[in-house]
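K.L.:
My structure is below; once you've seen it, I'll send some questions.
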Amino acid sequence: MIATTLMDCIAAILAGGGARSAAVLGNPWTTEGLAAEIGMSRSAFASRFTEPVGEPPMRYLAKWRLTFAARRLLDTGEPVSRIAFEAGYESEAAFNRAFKRNFGAPPATWRSEHAAG
């Protein structure tokens, strides 16, 4: 099934970490853009992706972006603003809001609370 293959490909790319993940995450993807990458209409792609994955493509990608950012917060001393940009956010403020919504604390606070001690 195309959606499962696409989801597996996206997961494999993102699981690779480092600069490769940042390049994929930093791309301003849209459902239309992802659909075009595999030669499908937006609606067909969204439907085929959502059925096996359980959530729409953009929500899935947003979770990957935040997971990538959380990993970078713990594994590096990079500034939050740089990690936000690497994860595909256009502003640190938007990243802070999304991160807090998902993890319950702003990125800098979360990093301090979860740092290896």
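The values are calculated or read from the model by the stated rules, or taken from the named source; none is laboratory data. For clarity, every value in this text was computed on a predicted model and none was experimentally measured. Cβ: placed from backbone, ideal geometry, glycine included. Neighbour counts: every protein chain shown. Please note that ligands, DNA and RNA were not included when accessible areas were found on the heavy atoms of the full protein model with its side chains. Shrake-Rupley method; radii C 1.70, N 1.55, O 1.52, S 1.80 Å.
K.L.:
In the range 35-49, what residues are outside any helix (DSSP H, G or I) and hydrophobic (A, V, I, L, M, F, W, C)?
P.N.:
Ile38, Met40, listed by residue number.
K.L.:
Go through (1) open to solvent by 60 Å² or more (accessible area, probe 1.4 Å); (2) in contact with a helix residue (DSSP H, G or I) (Cβ under 8 Å, 6 or more places away or on another chain) and name the single condition Tyr89 misses.
P.N.:
The single condition Tyr89 does not satisfy is (1).
K.L.:
Is it fair to say Leu6 is at pLDDT 90 or above and either surrounded by 15 or more Cβ atoms within 10 Å (Cβ to Cβ) or of a type in the set (D, E, K, R) (or both)?
P.N.:
Criteria not met by Leu6.
K.L.:
Follow-up question, since we're still on this one. Here are some residues: Arg42, Arg65, Arg82, Arg71. Which one is in contact with a Ser or Thr (Cβ under 8 Å, 6 or more places away or on another chain) and either open to solvent by 60 Å² or more (accessible area, probe 1.4 Å) or basic (Lys, Arg) (or both)?
P.N.:
Arg42
K.L.:
Please determine, by comparing only the residues of the range 92-101 that are touching a Ser or Thr at 6+ places or on another chain (Cβ under 9 Å) and open to solvent by 30 Å² or more (accessible area, probe 1.4 Å), which one is nearest to Ala115 (Cα to Cα).
P.N.:
By that ranking, first place goes to Lys100.
K.L.:
Sticking with this one: Please list, ordered by first then second residue, the pairs with beta carbon atoms under 8 Å, 6 or more apart or interchain, first in the range 105-117 and more than 16 Å from Phe68 (Cα to Cα) and open to solvent by 90 Å² or more (accessible area, probe 1.4 Å), second among the acidic types (Asp, Glu) and at pLDDT below 95.
P.N.:
none
K.L.:
Hey, could you check the range 53-62 for residues that are surrounded by 14 or more Cβ atoms within 10 Å (Cβ to Cβ) and of a type outside the set (A, V, I, L, M) and say which is modelled with the highest pLDDT?
P.N.:
Among those residues, the one meeting the criterion is Pro56.
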